[in-house]
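What follows is a single structure, written as structure tokens, with notes after it.
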Amino acid sequence: MAKTDFKTIDEYHSHFPADVQERMQQIRKIVREAAPEAEEVISYQIPAFKIGKDFLIYYSAYTKHISLSSPWSDSLLKEFAPELKKLKVTKSAIQLPGKDPLPMDLVKRIVRFRKKEVEQKR
């Protein structure tokens with residue numbers, strides 16, 4: 001994707017094919033339901049959600065996957081280790097392959113876990 005200057009999540013989504021947009025909308029909906037107080041922002045030119053000054057989670061789309069991003073805590077990675085072992089995971093990203101169904105339940109639980117972490121920092 002060419003360098004852009006996205007101002008909104010909708011603008012970011014619009015640069016992708018319909019099937020990818022749908023997957024991103026599902027993630028967005030999960031975050032909105034789990035953390036309705038979270039503010040939608042663009043950070044590092046990708047969609048992000050903040051609670052106060054703290055970032056809850058980011059997501060971004062690529063040719064073959066969507067990434068959930070955050071500086072994952074060791075406790076989060078340990079909590080979800082059994083499910084994450086079948087995915088490509090780094091200290092800051094979890095790749096959800098486009099060829100597989102979106103793991104909605106896992107995404108919900110990760111967002112809730114991150115929300116608790118953010119709230120504990122406050």
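So here's what we get for this one:
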| quantity | calculated |
| --- | --- |
| Residue that is surrounded by the fewest Cβ atoms within 10 Å (Cβ to Cβ), among those in the stretch 4-33 that are out of contact with any strand residue (DSSP E or B) (no Cβ under 9 Å at 6 or more places or on another chain) and aliphatic (A, V, I, L, M) | Ala18 |
| Residue that is surrounded by the fewest Cβ atoms within 10 Å (Cβ to Cβ), among those in the stretch 43-69 that are of a type in the set (Gly, Ala, Ser) and closer than 12 Å to Val89 by Cβ | Ser67 |
| Residue in the stretch 76-89 that is modelled with pLDDT under 95 and not charged (D, E, K, R) present | no |
| Members of the stretch 22-51 that are aliphatic (A, V, I, L, M) and under 13 Å from Leu102 (Cα atoms) | Met24, Ile27, Ile30 |
| Candidate set from the stretch 78-122 (those that are among the acidic types (Asp, Glu) and part of a helix (DSSP H, G or I)); member that is nearest to Tyr58 (Cα to Cα) | Glu117 |
| Residue within the stretch 58-80 that is out of contact with any Cys (no Cβ under 7 Å at 6 or more places or on another chain), in contact (Cβ under 8 Å) with a residue 24 or more places away in the chain, among the aromatic types (Phe, Trp, Tyr) and farther than 19 Å from Phe6 by Cβ present | yes |
| Search result, residues across the stretch 33-75 that are in a loop (DSSP other than H, G, I, E, B) and in contact with an Asp or Glu (Cβ under 7 Å, 6 or more places away or on another chain) | Ser73 |
| Among (1) crowded, with 17+ Cβ neighbours inside 10 Å; (2) touching a strand residue (DSSP E or B) at 6+ places or on another chain (Cβ under 6 Å); (3) free of Cβ contacts under 8 Å to residues at least 24 places away in the same chain - the single one Leu84 does not satisfy | (2) |
| Among the candidates Ile94, Ile30, residue that is modelled with pLDDT of 95 or more and either among the hydroxyl-bearing types (Ser, Thr, Tyr) or within 24 Å of Thr4 (Cα to Cα) (or both) | Ile94 |
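The values are calculated or read from the model by the stated rules, or taken from the named source; none is laboratory data. Model, not experiment: these values are computed from the prediction. Neighbour counts are summed over all protein chains in view; Cβ atoms, including those assigned to glycine, are modelled from backbone coordinates with ideal geometry.
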